[in-house]
Amino acid sequence: MNEQQLLQVFAAILFVSGFGTIASTKNLVKMIMGFQVMIWGANLALFAGGLVNGQPTYFSSSLVVLSISIGASVEALALSLVILTYRKFGTLNPWEIKRLAH
Amino acid sequence: MLLLSRWPKIRNWFAAAVVATTFLLAVNLIVEVQTSGPITSSVPWLSAYGFQLTVHVDGLAAFLAAIVNSLGFLIVVYSQGYMGHEKGLPRYYALVLLFIGAMTGLVIAGNFLQLYIFWEIVGICSAFLISFWYDRPEAVRAGLKAFLVTRVGDAALLIGFVWLYATTGTVDFQRLTTLASQGFVPLSILTATGLLILVGAMGKSAQVPLHVWLPDAMEGPTTVSALIHAATMVNAGVYLIARTYPIFSSSQTWVTTVGWVGVISALLAASIATVTTDIKRVLAYSTISQLGFMFAALGAGTQGGWFASQFHLMSQGFFKALGFLAAGSIIHMLGTRDMEKMGGLRKRMPLTFIAFLFSTLAIAGVPPFVGFWSKDLIVTELSLAGQNIQLLLMLLASVLTSFYMFRAFFKVFFGPESKLAIEKDLHESPKIMTVPLLILCACVLVLGFTEDWAADLLGGAAIHSWIVFSLPIIGASMIAILVGFAPSYMAFYLGKPNPKEFLQAHPILGSLRNVLLAGYGFDALYLAVFVRPFSKISEGVRSVQTGILGKNLWPILAVLFLLVLWIVMKL
């Protein structure tokens, strides 16, 4: 197994563990953390896919950097929504916020 | 941008300046391609999966980039006047620039994956712009409809090129062309993937039966309609077929299907355009019909047909932009899209009158306007290819085209002056709107004479031998124009016979009119077959949707697990 495959396997593990976090937690903040881990996995997979002979290339790495910065802004937005949710409902447990369920 | 938001004027003109710059760059591309041949440059991207970022600029790409950006520039300038008093202008200009930029990216993309990314950006921008006035329910519905209907095509395109990738291991246009021409791709797979990609093109280019989104897209601002119909979006499908033509042309089934899709769309849409009373919808159906002409030209299966389709794309872009911007000028001043409420506007809006006249003449194909050259070329190529049935049907579509355009023209500008115009004391639109109109007028007048030059750019000497002028063909299309013009002139200019009384006297025509007004019932059919059952199913499974992300993810996780298990078992 070379470096690239190692990175790809690791990316898959990150992705699945983020997925599992979202599926198993009952806390909105942890859910966003799981989401973040999924994005790391995706970014790592993109980075690993762009390696040529084990070396990163300019174009693919710059796209990954772009993706990271977009991910950061999405998370900021998500966290601000969580703050609003907390102010409105007084809880971070989505199971108790039943407005969408009906 | 924050700084610019304090001076909205600078912000708006900044958008125009950006498109002007890209237009100059596109012109520069044409010059470079003409002097030193096609430019290809690629950088490694996801090399582990065999993907590269490839920019491939040949004559076709440079030609389209120039069309997109020149029309885009004129439309953005026109927007300064037309959209001047709207709210949400930063959103408008951002989306318009993204729209034009994505379309430019689409035409210079060197492989399917890249093309697909820009294809989706174009799709999302058009949906957002159609529902620009998001407080109007119809606009939101129309945007959603455009998005969903084109999605059918997008899915087919995705399946098509992934299948091609699975077979050949590459998505690069040039490599695929080489592989296909050397016979490395089985003909059956070539036909199947080609047809899937054709469905994608039909979705974007609004060909029957995926055309239903385009007439509804008229809910957006008129500048957006002009952009969608002339510069971006609908051209993407025709471009995709032209770009992939060398790959799939060895499949005769594919070529024939492309041609028939075009012929049917051209006829159906032109017939619907003869009865609609909304001025923008007339132009929308006209676009579907003109795009049908392009598909029919590609279906001729010759290099001449290929060139004719792209030349008509340019021609359509300019005369349709002119038509929409002229219609927009009327709508802007009069505040309605209903042609029944217009009439006798020629004295109050002389410049708009000239613009719409030029557009009408060009769409109908009257010499020396640009429409004459391109439409004639299509008809000639069909006859050279020996497709006589298609040729006759296209001439019939020409008759209808001439009829509906002159109908709109007479209804809007002649006859008794409308009450609404007198009430509003109608006058000509501001200069910022009429100047782009006059520039476009000049364009539709002279661009027809660039045929030889365009042939040089797109294919060189090989295409020149296909450009022939045969008098019988020109005569036939002139007769077609006159046959369409005569009833239009009598009914809507002279008023003898009066159209309403005429319809009452002939009940068969009346019922035909109702069928046409319902758009042959495509909308009703889709509503009954897809929308209603789907809503029923959604209501049925409503209880599964808890609205809690954590709960909803478990089934996905289970499927993912099974998928991994399957892969492991296979290893």
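No lab work stands behind these numbers, since they all come straight from the coordinates. Note that the structure is predicted; figures quoted are calculated from it, not measured. Glycine gets a Cβ as well: all are built from the backbone with ideal geometry, and neighbour counts include every protein chain shown.
The chymotrypsin sites (Phe, Trp or Tyr not before Pro) found in the stretch B:144-248 that occupy coil by DSSP, while having at most 16 further C-beta atoms within 10 Å, are B:PHE184. Listed cross-link partners B:LYS204/B:LYS411; A:LYS30/B:LYS551; B:LYS320/B:LYS500; B:LYS341/B:LYS424; B:LYS424/B:LYS496; B:LYS87/B:LYS341 are compared with a 19 Å cut-off, the Cα-Cα value being larger for B:LYS204/B:LYS411; B:LYS320/B:LYS500; B:LYS424/B:LYS496; B:LYS87/B:LYS341.
You can think of it this way: the chain between B:LEU98 and B:ILE422 has 112.6 nm of extra reach, that is 0.36 nm per residue less the Cα-Cα gap. Here is the tail figure for chain A: Cα pairs spaced more than 23 Å apart come to 39 percent of all pairs. Across peptide B:243-249, the mean count of Cβ atoms from other chains lying within 10 Å of each residue's own Cβ comes to 0.
When the inverse distances between all different Cα atoms of the stretch B:229-363 are averaged and flipped, the Kirkwood radius reads 15.8 angstrom.
Could you work out the percent of alpha carbon pairs in the stretch B:1-70 separated by over 17 Å, rounded to a whole number? The share of Cα pairs beyond 17 Å in the stretch B:1-70 comes to 59 percent. Each semi-axis of the equivalent ellipsoid for chain B is √(5λ) with λ an eigenvalue of the Cα gyration tensor; in descending order they amount to 37, 29, 26 Å.
Modelled spin-label separation between A:GLN55 and B:THR35, with each label point placed 7 Å from Cα along the Cα-to-Cβ direction: 3.3 nm. Model label sites at B:THR256 and B:ALA166, defined 7 Å from Cα along the beta-carbon direction, differ in position by 2.7 nm. For trypsin sites (Lys or Arg not before Pro), the sites in the stretch B:60-147 that DSSP calls loop and that have at most 12 other Cβ atoms within 10 Å are B:LYS87. The ellipsoid equivalent to the alpha-carbon distribution of the stretch B:265-496 has semi-axes of 32, 19, 13 angstrom, derived from the gyration tensor eigenvalues as √(5λ) and listed largest first. Shielding of peptide B:549-557 by partners, expressed as the average count of other chain Cβ atoms within 10 Å per residue Cβ, is 5. When the helices of chain B are scored as -39500 (n - 2.57) per DSSP H run of n ≥ 4 and the total is divided over every residue, the value at 222 nm lands at -24000 deg cm²/dmol.
Mean per-residue shielding of peptide B:45-51 is 6, counting Cβ atoms of other chains within 10 Å of each Cβ.
For the pair A:LYS26 and B:THR178, a Förster radius of 45 Å applied to the C-beta separation gives a FRET efficiency near 0.20, rounded to the nearest 0.05.
The Cα center of the stretch B:134-178 and the Cα center of the stretch B:354-403 differ in position by 30 Å. Taking the Cα atoms of the stretch A:1-60, the ratio Rg/Rh between the radius of gyration and the Kirkwood radius comes to 1.11. Here r is the Cβ-Cβ distance between B:TRP13 and B:LYS347 and R0 is 45 Å; the resulting FRET efficiency, rounded to 0.05, is 0.85. What fraction of the Cα pairs in the protein assembly as shown, stated in percent, has a spacing above 42 angstrom? Every Cα pair in the protein assembly as shown considered, those over 42 Å come to 31 percent. Hey, which aspartates and glutamates would be in cross-link range of B:LYS280, C-alpha to C-alpha under 17 Å, not counting anything within fewer than 8 residues on its own chain? In chain and number order, the partners are B:GLU138, B:ASP216, B:GLU219, B:ASP338, B:GLU340. Placing dummy labels 7 Å off each Cα toward the beta-carbon, the span from B:ALA558 to B:LEU357 is 7.1 nm.
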